[in-house]
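Remarks on the structure that follows.
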C-alpha cells in the first residue's frame, strides 16, 4: 500500500508546484489577519495545528509545500510536516481556504549552527523612497523571502543588486510595496533569510496605509511593539475609597498579608492625576479583580500566619468584581479614563484554579483535577512532575482544563471580561500549568467574536525558551515574560563572578527563539520575586531565603550603588526587543524581600535624592524608547561583550541606537566597529559620553556602573 505521504504528493501536485505569491494589486482574506508567526521545526517530523497560525479559520481546504512532505491527520486542520533529505533552513508552507492561500514560513531549527555569531548572515533595512524599501543582505549564499502580511511578494517585485566580483555576497534588495497595502491602516513587511548553516535576523517594517513608518507620531496604543507596561497590585497601590476597605483583622493573619485598602478608585484617581502619563506608561497591568474569599486561608509557621486574598489570585466568583476593589461603574470609568489618555489596561486573569468554596465547584466537583497522584502522593506543588494537574495549595483546586465540558464554559468566563468591559488584553497566570487546548479555545473565541479589537495576551511561564515559545502562536498567546534574560541580568550584577557574557548569551538565545521582533515582557521585577534593588545593594544576600528575610527584618536597599545597578537593569529592558515592564515602585527603587515583602504600599512622594534620580532616569529611558523607531522596530546586533561591558546596537531603516552597559567600578572608553555602513558625525548623545566617529568606528565612554546611549540623527 502506498504511504499517505506518496498519496498526498500525487493528489496535491498542483499545489506543490505553486508558492503563494502576492500580486501587487491583490489581497487575500489571510492578509486581513495578523502576520502568522513562523512554524519552527525542531526534529525530522513536526505536528502542526493550523489554527495556531490562523485561529479565524475553522477548516482548511488543504496544506502544501514544495520543501516538506505533508501528511494530514485526518484532515488539513492538523498536519505532520516531514523534512526531506535536502530540506533547507528556510522553507514555505501554503495554506488554502475557499480559493485563497497564505504563505507560512517554516524554519528548520534542527539544522542551524550558531557557534560563530560573527559569521552569521545579517539583513539590514536601509531606507525607503516612494513605494520602494531598500535592504542589504550581508553574507554568502543567503536565501531570503519577503512577505507582506501573509503573502509572499512576487520576485518580479524585488530588484536585486549583487556584488558581481563576488557573487552571492552582500546584495541589496529594492522591494516594491504592494499597492493594496495603501488600503490598510496598519500592515507589515517581513523578511527572513538563511544560509546553509544559520538564520539571519528577521526584519519587520510596519506600514501606515502602505507607507513605511518613519515617525513614532503615527503610532497609537494599538501598536503593541511601542508599548511600555506598568504592573501594579491593586490592594497595595492607592486607597481611593476607604469605605470599601475590609480588613480581616484577625490574630491569625499578620498585617503584612491582610488587606491594605487599595482599590480601583485609587488607580482611577492616580490615572486622573497624570501619574501614569507623566511617567510615560502606555499600558497598565492590574492584578486580578475577581471576588476573593472574606476569610483567611493557607498557613505558614515561621512566622505563624494565615493569609487574606488581598492579591486576588483565589477567585470565588470569576465574573464578579471583588467589592473591596470597587464595582462595575468605577471599573468602566477607569477604562474610559485610560483610553482617553491613550493608555491600555490589561487584566491579570486566573484560569488555573478557583477557591475551594466557589459555588461553581460546589455544583461541579468533577471540574477539578485529583488532589492525589496516581502513586498515592498528595498532588500539591509538583510544578514539573504533574504540572497540568498539580494544586498550588489545598484551598485552590486546579481546574481540569483538558476536558471540554470544563474549558468551554471557563473560556467563556474569560471572554466575559472582554465583552462586558473594554479591557485591552490579559496577563495570564500559570500558563504552563494549563493544557494548550484552553489557550487555543480562548484565543479562537477572541479572534472570532471580537475581530475588531486589538487584544494582547501575555503569559507567565518559567522554563526553557523552547517551552515558553511553545505557547506563543497566533492562535494561543502573543508573548510571555522573558524570565531567563531577567535572571541572567540580575545575577550578572549581584554575583561577584557574574558576567555580561551570560546576559549576551541568554539574550541571543531569546532572539533566536522568539525573533528580533517579539512582544515578550522584559521586567524590572514582579510580585513573585525579591526586589532587585535590595539584592543589588546587598540588603539581601544571594543565597538566603528571601521570603523569610522579608518577614524577619526590615529589608532596605543596602549600599547606594544599588541605584546605579537598577539604572543598568532599566537601561537593558528599554533598549532590547520586547515590551519593557515596570513593577510598581521599581521606577524609584522600592526595597523588599520576596512575597509578601515585595508588595509594600506604593509611594508617590517624599523620595530621597537617589530615588528621585532613578525615577528621572526611568522617565528619560521611557521617553527615549517611545520616540525611537530603532528601539521599537529595530533589529539587535551585538558589538562587544566582556565580563563587565556589553555593547549592542538596534538598526531600523538606516537609523541606529547604540547602547553600552558598564557594570565595572571604573570608567570605560570603547572603540566599537559598526559592521554595516559608515557613520557620519551626526550623533545625538542621550546618556553617557560620545567621543568621536571615524569611518565605521565610534568611540564612546561609559562611566562606572552606568551606561551610554547614542543614536544617529
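The values are calculated or read from the model by the stated rules, or taken from the named source; none is laboratory data. What you are looking at is a predicted structure, and each value in this text was computed from that prediction instead of being measured. Note: ideal-geometry Cβ built from the backbone for every residue, glycine included; neighbour counts use all protein chains shown.
A few remarks follow.
- Test: residue in region 231-240 that is over 24 Å from residue 626 (Cα atoms) and without any contact (Cβ under 8 Å) to a residue 60 or more places away in the chain: yes
- Only a single item in (1) farther than 30 Å from residue 624 by Cβ; (2) in contact (Cβ under 8 Å) with a residue 24 or more places away in the chain; (3) in a loop (DSSP other than H, G, I, E, B) is not met by residue 251, and it is number (2).
- Out of 625, 650, sole residue that is touching a residue at least 60 places away in the same chain (Cβ under 8 Å) and either more than 30 Å from residue 276 (Cβ to Cβ) or assigned to a strand (DSSP E or B) (or both): 650
Listed here are the residues, each with its yes/no results for (1) at pLDDT 95 or above; (2) in the same structural domain as residue 170 (by TED's automatic domain parsing); (3) surrounded by fewer than 20 Cβ atoms within 10 Å (Cβ to Cβ).
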{"site": "642", "(1), (2), (3)": "yes, no, yes"}
{"site": "647", "(1), (2), (3)": "yes, no, no"}
{"site": "654", "(1), (2), (3)": "no, no, yes"}
{"site": "660", "(1), (2), (3)": "yes, no, no"}
{"site": "666", "(1), (2), (3)": "yes, no, yes"}
{"site": "670", "(1), (2), (3)": "yes, no, yes"}
{"site": "678", "(1), (2), (3)": "no, no, yes"}
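- Residue within region 513-531 that is surrounded by 24 or more Cβ atoms within 10 Å (Cβ to Cβ) and farther than 30 Å from residue 474 by Cβ present: yes
- Among residues of region 185-200 being free of Cβ contacts under 8 Å to residues at least 60 places away in the same chain and crowded, with 16+ Cβ neighbours inside 10 Å, the one that is farthest from residue 156 (Cα to Cα) is 186.
- Qualifying residue in region 344-361 (condition: out of contact with any strand residue (DSSP E or B) (no Cβ under 8 Å at 6 or more places or on another chain) and over 23 Å from residue 448 (Cα atoms)): yes
- Residues of region 266-300 that are assigned to a loop (DSSP other than H, G, I, E, B), more than 28 Å from the chain's Cα centre (by Cα) and within 23 Å of residue 350 (Cβ to Cβ): 292, 293, 294, 295, 296.
- Members of region 175-203 found to be part of a strand (DSSP E or B) and closer than 21 Å to residue 160 by Cβ, listed by number: 175, 176, 189, 190, 191, 192, 193, 194, 199, 203
- Output for region 204-228, where each listed residue is crowded, with 16+ Cβ neighbours inside 10 Å and part of a strand (DSSP E or B): 204, 205, 206, 207, 208, 212
- Top-ranked residue of region 434-443 - restricted to ones that are in contact (Cβ under 8 Å) with a residue 40 or more places away in the chain, farther than 13 Å from residue 53 by Cα and surrounded by fewer than 23 Cβ atoms within 10 Å (Cβ to Cβ), ranked as farthest from the chain's Cα centre (by Cα): 435
- Selection from region 254-265 of residues that are part of a loop (DSSP other than H, G, I, E, B) and out of contact with any strand residue (DSSP E or B) (no Cβ under 7 Å at 6 or more places or on another chain): 258, 259, 260, 261, 262, 263
- Out of 31, 25, 44, one residue alone is at pLDDT 50 or above and surrounded by fewer than 19 Cβ atoms within 10 Å (Cβ to Cβ). It is 44.
- Residues in region 108-118 that are assigned to a helix (DSSP H, G or I) and in contact with a strand residue (DSSP E or B) (Cβ under 8 Å, 6 or more places away or on another chain): 117 alone.
- Screening 611, 616 for residues that are over 20 Å from residue 523 (Cβ atoms), surrounded by fewer than 22 Cβ atoms within 10 Å (Cβ to Cβ) and at pLDDT 95 or above leaves exactly one candidate, 616.
- Counting the residues of region 569-606 that are on the phi > 0 side of the Ramachandran plot and within 15 Å of the chain's Cα centre (by Cα) gives 1.
- Residue ID - surrounded by the most Cβ atoms within 10 Å (Cβ to Cβ), chosen from residues in region 271-291 that are over 19 Å from residue 524 (Cα atoms) and in contact with a strand residue (DSSP E or B) (Cβ under 9 Å, 6 or more places away or on another chain): 290
- Residues of region 311-327 satisfying the condition of being free of Cβ contacts under 8 Å to residues at least 60 places away in the same chain and outside any loop (DSSP other than H, G, I, E, B): 317, 320, 321
Yes or no, residue by residue, for (1) closer than 27 Å to residue 344 by Cα; (2) surrounded by 19 or more Cβ atoms within 10 Å (Cβ to Cβ); (3) modelled with pLDDT under 95; (4) within 21 Å of the chain's Cα centre (by Cα):
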residue	(1), (2), (3), (4)
387	no, no, no, no
394	no, no, no, no
399	no, yes, no, no
411	yes, yes, no, no
414	yes, yes, no, yes
420	yes, no, no, no
424	yes, yes, no, yes
445	yes, no, no, no
449	yes, no, no, no
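Okay, residues lined up against (1) farther than 30 Å from residue 479 by Cβ; (2) surrounded by fewer than 23 Cβ atoms within 10 Å (Cβ to Cβ); (3) touching a strand residue (DSSP E or B) at 6+ places or on another chain (Cβ under 6 Å); (4) touching a residue at least 40 places away in the same chain (Cβ under 8 Å):
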| residue | (1), (2), (3), (4) |
| --- | --- |
| 542 | no, yes, no, yes |
| 559 | yes, yes, yes, no |
| 587 | no, no, no, yes |
| 595 | no, yes, no, yes |
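- Test for residue 250: is it within 23 Å of residue 327 (Cβ to Cβ) and over 28 Å from the mean Cα position of the chain (by Cα): no
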